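This report refers to the structure that appears directly beneath it.
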């Protein structure tokens, strides 16, 4: 029952994302987004020059790319990241390169920014038990298939995401 509530809550929050603008703060030269954001927000804002830099030269793990292509029309991903976080700055651009190469529609990805305390709007980090970023949660048919936190179990986030999609 709790999982159903969480799924319904996410759908409602995603549907009202435009009605709830993200909170943006500055810590020196670091721009922190707390709330819903998009790849476009990161790719077009000069405060996030790390986004393009960290996509450069990345080649998706072949099995992960194949798994994403095979499932691109049946999954949704909820991603939590911090625009201040070194791991997010490194992994999130590569994640988007992987999903773009696989043809996953941007509408299938919900990206939430967190502050330094790992909090976001509407207590969603608590609802999804997110304590570290980035965290990628793969959903299929309203259920969580699995998640990868930071670099994953063995340092290859993309390979682990592919394994989740392949059922390994």
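Looking only at residues of segment 29-57 that are outside any helix (DSSP H, G or I) and farther than 23 Å from residue 125 by Cα, we find that the one that is modelled with the lowest pLDDT is 29. Residues that are farther than 18 Å from residue 77 by Cβ and surrounded by fewer than 16 Cβ atoms within 10 Å (Cβ to Cβ) were ranked within segment 13-23; the one that is modelled with the lowest pLDDT is 16. Yes or no: residue 95 touching a strand residue (DSSP E or B) at 6+ places or on another chain (Cβ under 8 Å), crowded, with 19+ Cβ neighbours inside 10 Å and under 25 Å from residue 29 (Cα atoms)? When the stated conditions are applied, residue 95 passes them. Based on this model, can you work out whether residue 146 counts as over 17 Å from residue 38 (Cα atoms), part of a strand (DSSP E or B) and either in contact with a helix residue (DSSP H, G or I) (Cβ under 7 Å, 6 or more places away or on another chain) or modelled with pLDDT under 95 (or both)? Yes, satisfied. Within segment 78-92, the residues that satisfy the criterion of being surrounded by 19 or more Cβ atoms within 10 Å (Cβ to Cβ) and either assigned to a helix (DSSP H, G or I) or in contact with a strand residue (DSSP E or B) (Cβ under 7 Å, 6 or more places away or on another chain) (or both) are 78, 79, 80, 81, 82, 83, 88, 89, 91, 92.
Quick one: residue 32 ticks every box in (1) under 19 Å from residue 159 (Cβ atoms); (2) touching a strand residue (DSSP E or B) at 6+ places or on another chain (Cβ under 6 Å) bar one, so which box is it? Only one criterion is unmet by residue 32, namely (1).
The set of residues in segment 99-137 that are part of a strand (DSSP E or B) and surrounded by fewer than 21 Cβ atoms within 10 Å (Cβ to Cβ) contains only 109.
Check segment 153-168 and report whether any residue there is over 15 Å from residue 65 (Cβ atoms), touching a helix residue (DSSP H, G or I) at 6+ places or on another chain (Cβ under 7 Å) and surrounded by 17 or more Cβ atoms within 10 Å (Cβ to Cβ). No, segment 153-168 has no match at all.
The values are calculated or read from the model by the stated rules, or taken from the named source; none is laboratory data. Small disclaimer: the values here were computed from a predicted structure and weren't measured. Positions of Cβ are backbone-derived with ideal geometry, glycine not excepted, and every protein chain shown enters the neighbour counts.
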